[in-house]
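Enquirer: Before I ask anything, here is the structure I am working with.
The values are calculated or read from the model by the stated rules, or taken from the named source; none is laboratory data. Quick caveat, the model's predicted, so the values are computed rather than measured. Here the Cβ positions follow ideal geometry from the backbone for every residue, glycine too, while neighbour counts run over all protein chains shown.
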Amino acid sequence: MRAILIDDEQLPLLYLKKVLENKVNGVEVVGLFQDPIQAFEEIKTILPDVVFLDIHMPEMNGLEVGERIQEALQNIEIVFVTGDDNHALEAFDLYAFDYIVKPLQIERLKKTVERLQQRIKNNQTSIIEEKESTLLWTFNQLKFQRPGCEPEIFKWRTSKVQELFAYMFHHREKTVDRETLIELLWPDFGIDRGAKQLYTAIYHIRQTIKKAGISSITINSVNNLYGGYIMHVENILIDTKEWETNLNKLDPPKSNNIQEHEKVFGEYKGDYLGNYDYLWAEGERERLRRLWLNHGLILSKFYRDTENIQAAIKVNQRIQQMYPEKEESYFELMRLYASINCLTAVEEQYRQLKSVLKQEYDILPSMDIINWYEKWKSRSFS
């Protein structure tokens, strides 16, 4: 494990180096720095596994240095070495791998290094496994699926961290300014307090995706006029994006490609982020929903035109199961059942439609459906 040490005082710096090299196994000290600004520049070239960082330094305190390091190189672990300062501990414990209080306790340091070595080993294993694309599930619930594995649920620290990740992912490859994020998630906190919550949540996102073994999703800060963050996504398959791509590739349904249509129709698993009450996702949710519903109606028409009534019924039953409040499937099923003289099924569809609309919206079916039903009823029972 390669380590860099930063402390503005020479004696503590040399002592920590001596302890790490002579009392602790598996640590190679590859850099000593008393100037934190110089250290930050050198770290980008040396690329250590861990930085041991003093928190109390005159030019730039360790918290600022640690934040800069994590923004630039998210896979580097940070361990703070400091005097007993409870306020500082509360702050840096939020995003450091660990902290060590001066004077150094050898056994405490050994345990920290052992945990570091295990973390680094796990990270390296995850990077090797991620040569193939990871699949991110956004239908219904946020999940990830590594190659050859079953889908897994992210273990978010809080619901705010989860929503922040979802929002940043929704706006991936675009800069989102800090004020927008604070207003979305912590509207009553004010800018300063909200900024602290935001930074902590960003850190927890990084840790969660790191533990999940997904190195191809990164979040970087953007130092423009307003300040903000941008999420970069590489080598990731996204279920909703893959589904829409496959849908757009389809030619109009014919007997020689109807199985492809059925496959794509079945790959739609539910609403985009449907398990979460995120109002900001509603536009994309409705757009994808409408694409799927339109595809279902196209499929239904093809089956009706080719007199495959049972297949058309199955398509509309699936639509009705997924979205029981949508009128289209009831009306289509009424007409399909009418075409095969299944009178009770037509009546049942109309009864269900009236019940759903009354319960959900306190309205009646559209006049087109009412008029069609009345005409059909007068012909069928006259």
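Enquirer: All but one of (1) under 24 Å from Trp292 (Cα atoms); (2) in contact (Cβ under 8 Å) with a residue 12 or more places away in the chain; (3) among the β-branched types (Val, Ile, Thr) hold for Thr208, so report the exception by its number.
Expert: (1)
Enquirer: Looking for whichever is part of a loop (DSSP other than H, G, I, E, B) and not assigned by TED's automatic domain parsing to the domain that holds Asp277 here; the options are Gly213, Gly194. Which one fits?
Expert: Gly213
Enquirer: Can we say Phe144 is modelled with pLDDT of 90 or more, within 14 Å of the chain's Cα centre (by Cα) and in a helix (DSSP H, G or I)?
Expert: In short, no.
Enquirer: Oh, and also: Filter the stretch 90-135 for residues that are of a type in the set (Ser, Thr, Tyr), under 25 Å from Val65 (Cα atoms) and at pLDDT 75 or above and give the result.
Expert: Across the stretch 90-135, the qualifying residues are Tyr99, Thr112.
Enquirer: Let me ask you something else. Could you identify the single residue in Trp186, Trp280, Trp243 that is modelled with pLDDT of 95 or more and either surrounded by fewer than 15 Cβ atoms within 10 Å (Cβ to Cβ) or closer than 24 Å to Glu77 by Cβ (or both)?
Expert: Result: Trp280 is the single residue among Trp186, Trp280, Trp243 that is modelled with pLDDT of 95 or more and either surrounded by fewer than 15 Cβ atoms within 10 Å (Cβ to Cβ) or closer than 24 Å to Glu77 by Cβ (or both).
Here is a yes/no grid of residues against (1) surrounded by 13 or more Cβ atoms within 10 Å (Cβ to Cβ); (2) out of contact with any Leu (no Cβ under 7 Å at 6 or more places or on another chain); (3) of a type in the set (Lys, Arg); (4) farther than 30 Å from Gln141 by Cβ:
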{"site": "Asn275", "(1), (2), (3), (4)": "no, yes, no, no"}
{"site": "Leu291", "(1), (2), (3), (4)": "yes, no, no, no"}
{"site": "Asn308", "(1), (2), (3), (4)": "yes, yes, no, yes"}
{"site": "Lys314", "(1), (2), (3), (4)": "yes, yes, yes, no"}
{"site": "Met322", "(1), (2), (3), (4)": "yes, yes, no, no"}
{"site": "Leu343", "(1), (2), (3), (4)": "yes, yes, no, yes"}
{"site": "Phe381", "(1), (2), (3), (4)": "no, yes, no, yes"}
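Enquirer: Something else: Quick check on my filter: what residues within the stretch 256-311 are among the polar types (S, T, N, Q) and in contact (Cβ under 8 Å) with a residue 40 or more places away in the chain?
Expert: Within the stretch 256-311, Asn275, Thr306 meet the criteria.
Enquirer: Report yes if some residue within the stretch 285-303 is within 28 Å of the chain's Cα centre (by Cα) and among the acidic types (Asp, Glu); otherwise report no.
Expert: Checked the stretch 285-303: at least one residue is within 28 Å of the chain's Cα centre (by Cα) and among the acidic types (Asp, Glu).
Enquirer: Can you name the number of the only condition in (1) closer than 27 Å to Glu77 by Cα; (2) surrounded by fewer than 17 Cβ atoms within 10 Å (Cβ to Cβ) that Ile191 fails?
Expert: It fails just one condition, (1).
Enquirer: Among the residues that make up the stretch 168-180, is at least one of them in contact with a helix residue (DSSP H, G or I) (Cβ under 6 Å, 6 or more places away or on another chain), assigned to a loop (DSSP other than H, G, I, E, B) and modelled with pLDDT of 95 or more?
Expert: Scanning the stretch 168-180, I find no residue that is in contact with a helix residue (DSSP H, G or I) (Cβ under 6 Å, 6 or more places away or on another chain), assigned to a loop (DSSP other than H, G, I, E, B) and modelled with pLDDT of 95 or more, so the answer is no.
Enquirer: Going through Arg318, Arg290 one at a time, which residue ends up being in a helix (DSSP H, G or I), touching a Gly at 6+ places or on another chain (Cβ under 9 Å), in the same structural domain as Asn246 (by TED's automatic domain parsing) and within 30 Å of Phe169 (Cβ to Cβ)?
Expert: Arg318
Enquirer: Shifting gears a bit: Here are Leu353, Leu297: which of them is assigned to a helix (DSSP H, G or I), in contact with an Asp or Glu (Cβ under 8 Å, 6 or more places away or on another chain) and more than 23 Å from Gly266 (Cβ to Cβ)?
Expert: Leu353
Enquirer: Moving on to the next point. Tell me, yes or no, whether the stretch 254-268 has at least one residue that is among the hydroxyl-bearing types (Ser, Thr, Tyr), assigned by TED's automatic domain parsing to the domain that holds Glu332 and exposed (fewer than 14 other Cβ atoms within 10 Å of the Cβ).
Expert: Yes, there is a match, as at least one residue in the stretch 254-268 is among the hydroxyl-bearing types (Ser, Thr, Tyr), assigned by TED's automatic domain parsing to the domain that holds Glu332 and exposed (fewer than 14 other Cβ atoms within 10 Å of the Cβ).
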